[in-house]
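The values are calculated or read from the model by the stated rules, or taken from the named source; none is laboratory data. Quick caveat: nothing in here was measured; it's all calculated off a predicted structure. Quick reminder, even Gly has a Cβ in these numbers, built from the backbone with ideal geometry, and neighbours come from all protein chains shown.
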Ligand SMILES: C[S@@+](CC[C@H](N)C(=O)[O-])C[C@H]1O[C@@H](n2cnc3c(N)ncnc32)[C@H](O)[C@@H]1O
């Protein structure tokens with residue numbers, strides 16, 4: 001059901017949402033609707049995409065040192081491929097699409113903007129916390145097949161169908177290029193920042 005179509009009045013103690021609010025373009029209205037469905041002092045706990053700048057870069061981190069940071073390799077590969085002349089325009093579209101999806105033009109503005117929107121929607125005790133999450137892949141192929149299932153199709157949807165397959169091959173080739181002989185047999189770790197937002201309805 002569309003989150004924006006939910007109609008309740010002061011009926012719930014809490015709302016929990018995991019990795020979904022960034023798909024909703026009318027965030028200001030979303031928070032107002034959330035406030036309306038909550039009982040007085042009702043709470044929200046939401047998770048959304050975190051700011052990579054707030055991600056822990058420490059390689060001493062127990063989890064990340066247990067493998068090669070494959071998401072960093074993928075990000076570098078995407079940047080390299082996006083700079084090829086035939087693809088540059090599509091990746092620009094992709095960038096602006098994801099900014100619209102995320103509701104803010106700049107990740108760094110997310111927290112202050114969300115703070116304002118929540119205050120405007122009658123929430124208090126607003127708290128933010130960014131935490132890194134890790135996914136471990138036993139092989140590079142396991143990482144590829146997970147990406148093939150959900151992330152890469154979303155990235156490629158702005159690119160004309162006739163060059164999607166070759167674009168995907170280029171991304172994979174770039175990743176493989178960086179995973180050199182001495183890293184074969186190593187484990188791969190994907191690290192991504194998650195922003196948690198919590199707040200309470202003002203009585
Ligand atoms: C990354 S998934 C997270 C799914 C689930 N919450 C979980 O933790 O596995 C994002 C979800 O947001 C949902 N979504 C996108 N727009 C929505 C909307 N307007 N109302 C409700 N759900 C929406 C999608 O259907 C998708 O399932």
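Key figures for this structure:
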quantity	calculated
Test: residue in segment 187-203 that is more than 14 Å from residue 68 (Cα to Cα) and without any contact (Cβ under 8 Å) to a residue 60 or more places away in the chain	no
Selected residue (criterion: nearest to the ligand (Cβ to nearest atom)) from residues of segment 18-67 that are assigned to a strand (DSSP E or B), touching a helix residue (DSSP H, G or I) at 6+ places or on another chain (Cβ under 9 Å) and modelled with pLDDT of 85 or more	47
Qualifying residue in segment 153-173 (condition: in contact with a helix residue (DSSP H, G or I) (Cβ under 7 Å, 6 or more places away or on another chain), at pLDDT 90 or above and closer than 25 Å to residue 27 by Cβ)	no
Top-ranked residue in segment 1-17 [being within 18 Å of residue 196 (Cα to Cα) and surrounded by 14 or more Cβ atoms within 10 Å (Cβ to Cβ); ranked as farthest from the ligand (Cβ to nearest atom)]	15
